[in-house]
1. Which one is nearest to Leu89 (Cα to Cα), of the residues in the range 156-170 that are out of contact with any Asp or Glu (no Cβ under 8 Å at 6 or more places or on another chain) and surrounded by 14 or more Cβ atoms within 10 Å (Cβ to Cβ)?
2. I'd like the full set of residues that are assigned to a strand (DSSP E or B) and aromatic (Phe, Trp, Tyr), limited to the range 140-170.
3. Select from the range 1-38 the residues that are closer than 20 Å to Tyr58 by Cβ and polar (S, T, N, Q) and list them in ascending order.
4. How do the pairs read when you match residues in the range 177-193 that are surrounded by 18 or more Cβ atoms within 10 Å (Cβ to Cβ) with residues anywhere that are among the aliphatic types (A, V, I, L, M) and outside any strand (DSSP E or B), using Cβ under 6 Å and keeping only pairs 6 or more apart or on different chains?
5. Counting only residues that are of a type outside the set (Ser, Thr, Tyr) and on the phi > 0 side of the Ramachandran plot, which one in the range 147-197 is modelled with the lowest pLDDT?
Amino acid sequence: MSNILSVDIDWVRNFTQMRDIVIKLTGMLNDRKFSTIQIDSTHDKIVKTIDLQKEPSYIVNIDHHHDLQYQSEEYNGRVSTGYKSCNWLGIEMCNKRITGCTWIANINSDHLKPLKPENDWEELGIGKDTDMVLDIKYDLNDIDNFEYNSMFLCQSPVYIQENWNAHGAWLAIEAVINTMHYQKILKKEGDIYYYES
């Protein structure tokens, strides 16, 4: 099974989190912990990273939101209506391309609300509460418990518009990746970065 580290920078809520995630990810990038790296604007673009895996994957998701499914009139509240940033994880779990998820959440993340409508999840026997579906953690250091094939990083611009700590973290991590690219440590093919041999 492959493991993917998924990072939505909207997880960053304060200066301490900004510092910690920049230090953690910079160290992992320098230690070549990933075979592929994708950076993009929104979380639904993770489908490219998932498509690269040769087998079903386990996700470690650093994110303020669980992304299983959020009820919305726009999506009719159902998982099956389209691949969006608010439900990519739920769709991938329903399609069995994601076998499970450790969610690095914030204490104030909206994670204990039941998923609605419940019938999508109950039909699958998954349950309807996020804490029944996800292994929820609150410590960034829990990402060290896994070895990864790939990293996906997104900024979720809708959620970080006025969050300067998240902007700072995004710019710092993007600068590290771009510097590694210009130093020929990373090569870029389309939207995906690979380490040079």
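1. Pro157
2. Here is the first cut: in the range 140-170, the residues assigned to a strand (DSSP E or B) are 150-154.
Across the range 140-170, the qualifying residue is only Phe152.
3. Scanning the range 1-38 gives Ser2, Asn3, Ser6, Ser35, Thr36, Gln38.
4. Short answer, once both residue conditions are applied: Leu186/Met180.
5. Gly190
The values are calculated or read from the model by the stated rules, or taken from the named source; none is laboratory data. Keep in mind that this is a model prediction, so the values were computed, not measured. Glycine also receives a Cβ, built like all others from the backbone with ideal geometry; neighbour counts cover every protein chain displayed.
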